[in-house]
Amino acid sequence: MDGDGDPESVGQPEEASPEEQPEEASAEEERPEDQEEEEEEEAVAAAYLDELPEPLLLRVLAALPAAELVQACRLVCLRWKELVDGAPLWLLKCQQEGLVPEGGAEEERDHWQQFYFLSKRRRNLLRNPCGEEDLEGWCDVEHGGDGWRVEELPGDSGVEFTHDESVKKYFASSFEWCRKAQIIDLQAEGYWEELLDTTQPAIVVKDWYSGRSDAGCLYELTVKLLSEHEDVLAEFSSGQVAVPQDSDGGGWMEISHTFTDYGPGVRFVRFEHGGQDSVYWKGWFGARVTNSSVWVEP
């Protein structure tokens, strides 16, 4: 049988004829010469860069991706290591990428490299904070009474959310406690152990809640910083907040807390909030929540 998959066609490779062997040997001999040429070119380029004045070399390095600076450029030589570890390079990258205004004072921060990486990662770490995906992303969901329901703003007997035009929906609770949570894996989100344990960047949590104009309600927020084994290392709790009935229409209220100096070992953030009405009416007359957020600040 001939063709692909033919067992007879898959045998030991034939030995090269004496005429073919010198050609292979000569090709092998040429490879070291090619490598030598490449190494010489790289050495010339490195020598050229090494002769550049520091301000020009900083601008060359600042044009490179941050990962290359830390993982490769830092290992080239002692001079480059000192430049990559120093503040001026990272201040320049921050200025070039609009993270700080041009001409920002170098003395304002001690660790511009950490500021750069934290700024590039800065985002809301909570998924689906406004109910655009129903309850997707939330865990430990408790459906007290008639359970959670996602509603369009402003909702019955409610008001618009004027603090952010992109927010269009909210979660409404019922006549018994409705709760839901998210657990954020900080390392999975790109925050490494040394940064969390040594720098301990500020972790800011925020939530917005509101009642209805025709019914009072209760609201509660609890946030915990957890270790690798989910031991509680720091905690914030609002307690039960009473929102009275407001015939003139109640507004949206923000609650926030900033964790600082929380010590080494933090690996997870557990965010949990909930609400219920205080009149025990069937339906969704309990606290409303939206635009929840967890930020790791530079």
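The values are calculated or read from the model by the stated rules, or taken from the named source; none is laboratory data. Since we're looking at a predicted model, the values are computed, not measured. Don't worry about glycine lacking a Cβ; one is built from the backbone with ideal geometry, like all the others, and counts go over all protein chains shown. Areas reflect the complete protein model, heavy atoms only, side chains present, ligands, DNA and RNA absent. Shrake-Rupley method; radii C 1.70, N 1.55, O 1.52, S 1.80 Å.
Results, tabulated for the structure shown:
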{"quantity": "Filter pass, residue 190 being open to solvent by 20 Å² or more (accessible area, probe 1.4 Å) and within 18 Å of residue 114 (Cβ to Cβ)", "calculated": "yes"}
{"quantity": "Residue list for segment 176-210, filter: touching a Ser or Thr at 6+ places or on another chain (Cβ under 9 Å) and part of a loop (DSSP other than H, G, I, E, B)", "calculated": "200, 201, 202"}
{"quantity": "Subset of segment 250-298 (residues that are open to solvent by 50 Å² or more (accessible area, probe 1.4 Å), among the hydroxyl-bearing types (Ser, Thr, Tyr) and over 27 Å from residue 192 (Cα atoms))", "calculated": "278, 280"}
{"quantity": "Criterion violated by residue 152 - all others in (1) outside the structural domain of residue 289 (by the TED database); (2) modelled with pLDDT of 95 or more satisfied", "calculated": "(1)"}
{"quantity": "Close pairs (9 angstrom Cβ cut-off, 6 or more residues apart or separate chains): modelled with pLDDT of 95 or more in segment 272-291, in a loop (DSSP other than H, G, I, E, B) and of a type in the set (Val, Ile, Thr) anywhere", "calculated": "285/279; 290/167; 291/167"}
{"quantity": "Candidates 229, 163, filtered to the one that is in a loop (DSSP other than H, G, I, E, B) and free of Cβ contacts under 8 Å to residues at least 12 places away in the same chain", "calculated": "229"}
{"quantity": "Among residues of segment 257-291, those that are farther than 20 Å from residue 232 by Cβ and not aromatic (Phe, Trp, Tyr), counted", "calculated": "13"}
{"quantity": "Complete set of residues in segment 218-248 that are on the phi > 0 side of the Ramachandran plot and open to solvent by less than 30 Å² (accessible area, probe 1.4 Å)", "calculated": "239"}
{"quantity": "Odd one out for residue 180, checked against (1) under 14 Å from the mean Cα position of the chain (by Cα); (2) modelled with pLDDT of 95 or more", "calculated": "(1)"}
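Residues are listed down the side, and each one gets a yes or a no for (1) assigned to a helix (DSSP H, G or I); (2) open to solvent by less than 60 Å² (accessible area, probe 1.4 Å); (3) at pLDDT below 90:
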residue	(1), (2), (3)
60	yes, no, yes
67	yes, yes, yes
74	yes, no, yes
80	yes, yes, yes
90	yes, yes, no
